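Participant: Below is one structure. I have some questions about it.
What follows is calculated from the coordinates using simple rules that are stated; it is not laboratory data. Note that this is a predicted model, so its numbers are computed, not measured. Positions of Cβ are generated from backbone atoms using ideal geometry, with glycine treated the same way; all protein chains shown enter the neighbour counts.
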Amino acid sequence: MNFSSFIAGRYFKSKKKRNFITVLSTISMIGVAVGTMALVIVMSVFNGLEDLIRGLFASFDAELKIEAAEGKSFEVTEDWLEQIRRVEGVAILTEVIEDNALFDYNGYQVVARIKGVSDNFLEQGRFSKGYFWGDTTLGSEIRPAAILGRGVGFFLSVNLDNVNVPLKVYYPKAPRSAATLDPNQMYTTGILEPVAYFSIERQFDDEYVIAPLHFTRDLLNYGNRRTALEVKVADGFRIDQVQRALLDTLGDDFLVKNADQQHAGLLRTVKLEKLFVFLTLTFILGIASFNIFFSLSMLAIEKKKDIAILKAMGASEQMVRRIFLKQGALIALSGASIGLVLGYAVCWLQESFGLVSLGIPSAVVESYPVKMIWSDFFWIALAVLAITILASYRPAWIASQVETTREL
């Protein structure tokens, strides 16, 4: 420990005078601790929400999704599909046809997205999170079935136990003649048997109906065209590794998106919200650190004689500045350490026992999700350090300008 650290420590630990400066220093330390704890908790909650969103989307979306770089659909052949299946790391390849359609159930109607999938769709671990009721099959060739989002089922008032009422699907098509008056030539229709509900996230619950690929292909008249291919990565392979291999195989005519890229806009919004909340709370922490500025300024005034003696003994202005900068650092780091520990404790209790509930009975999770990331602790500590230096520099400079002869 050098001389400046020794003097700063003595000023920090001194208990001879319980005056206003000591009280202000204590308030400064408490303010930094509370601000730091709030930063840790809020950042961890945002991390938990981001992780929850990823987990929910992973229950519905594929690990990798192949789409056409241009256009809505693309042609497939069995040889080409087999070439994709042979790419190292591809465990399951699911064909997808997806478009908007009109659904009718017992007189109730709603426009939603029909997603036709091949038989191995549920083998990709879909609906592992959230809720699922009913049969996990998509029927047969003769009697195709549908898995409905809970929102779609609610809008249509679907009763899964009533097998006598079918789910009718209507899809618009171009009429054979522009002068036709026959409405039957304006659309194609098909019948599905609703067998299950799923509930993951409102975006999916209110929009999607899962149906067999052959039914959707015939209804939409897609033939060998597909709107997407979904890939499950084999165990032991990294997703980014398989993604690069597929891009090399498919070329520039196709896009291969991972789970984050499929919802890049939403995840970007969450990250931006997290950043702005961090900046806002850091700004509030900066305002709270003004107490450090005032306490060090008053300490510099009170210790003028001590500073003059130190200078008379040979202490330089730089050493005096270091004493007060380290004094401010001790106040801030003590508060930051307490805040980091308390923030960690609160997040651990929330993660382990769910102290704060969402208050939503039908929510996927009962309590606010939290996830602690050590890089957040680093950035929070760095922000506190930067604020401390800014708040302490001016009082330290004032203290270093004390004139020896005048004070003595």
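Participant: Between the helical axis of 317-353 and the dominant principal axis of the chain, each derived from Cα atoms, what acute angle in degrees is found, rounded to the nearest 10?
Facilitator: Compared with the principal axis, the helix lies near 40 degrees.
Participant: Among the listed pairs K72/K115; K168/K257; K115/K173; K65/K371, which have their C-alpha atoms separated by more than 23 angstrom in this model?
Facilitator: Flagged as over cut-off: K168/K257; K65/K371.
Participant: Counting Lys and Arg as +1 and Asp and Glu as -1, what is the net charge of the other residues whose Cβ lies under 14 Å from the Cβ of E141?
Facilitator: Summing Lys and Arg as +1 and Asp and Glu as -1 gives -1.
Participant: Is the stretch 62-262 rounded, prolate or oblate when judged by the Cα gyration tensor, a ≥ b ≥ c being the square roots of its eigenvalues, rounded requiring a/c under 1.5 and prolate requiring a/b larger than b/c?
Facilitator: Cα axes put the stretch 62-262 in the oblate bin.
Participant: For the stretch 199-221 and the stretch 330-390, what is the centre-to-centre distance using only Cα atoms, to the nearest Å?
Facilitator: So the separation of the two Cα centres works out to 40 Å.
Participant: Also, quick follow-up: Please state the relative contact order of the stretch 181-282 as a whole percent: Cα pairs under 8 Å, 6+ residues apart?
Facilitator: The value is 15 percent.
Participant: Continuing with this model, one more query. Compute the helix-to-body angle for 374-400: its Cα long axis versus the longest principal axis of the chain, expressed 0 to 90° and rounded to tens.
Facilitator: 30
Participant: Ranked highest first by average number of other Cβ atoms within 10 Å, how do 74-81, 120-127 line up?
Facilitator: Output ranking for 74-81, 120-127: 120-127, 74-81.
Participant: Based on the mean of other beta carbon atoms within 10 Å per residue, what is the order of 381-391, 257-267, 326-336, most packed first?
Facilitator: So the peptides 381-391, 257-267, 326-336, ranked by packing, come out 326-336, 381-391, 257-267.
Participant: With a 10 Å Cβ neighbour count serving as the proxy for reagent exposure, in which order, fewest first, do I239, I191, I114 appear?
Facilitator: Taking fewest neighbouring Cβ atoms as first place, the list is I191, I239, I114.
Participant: Whole-Hz Karplus ³J(HN,Hα) for the stretch 144-156, in order, using 6.51 cos²θ - 1.76 cosθ + 1.60 and θ = phi - 60°, x for Gly and Pro?
Facilitator: Computed from phi, the couplings for the stretch 144-156 are x, 10, 9, 10, 9, x, 4, x, 4, x, 5, 4, 8 Hz.
Participant: Taking the alpha-carbon centroid of each part, what is the distance from the stretch 228-276 to the stretch 62-133 in angstrom?
Facilitator: Going from one Cα centre to the other spans 16 Å.
Participant: Could you give the angle, 0 to 90 degrees to the nearest 10, between helix 20-60's Cα long axis and the longest principal axis of the Cα atoms of the chain?
Facilitator: 10
Participant: While we're on this one: Evaluate 2.2 N^0.38 Å with N set to the residue count of the stretch 244-376, then give the Cα radius of gyration divided by it.
Facilitator: 1.80
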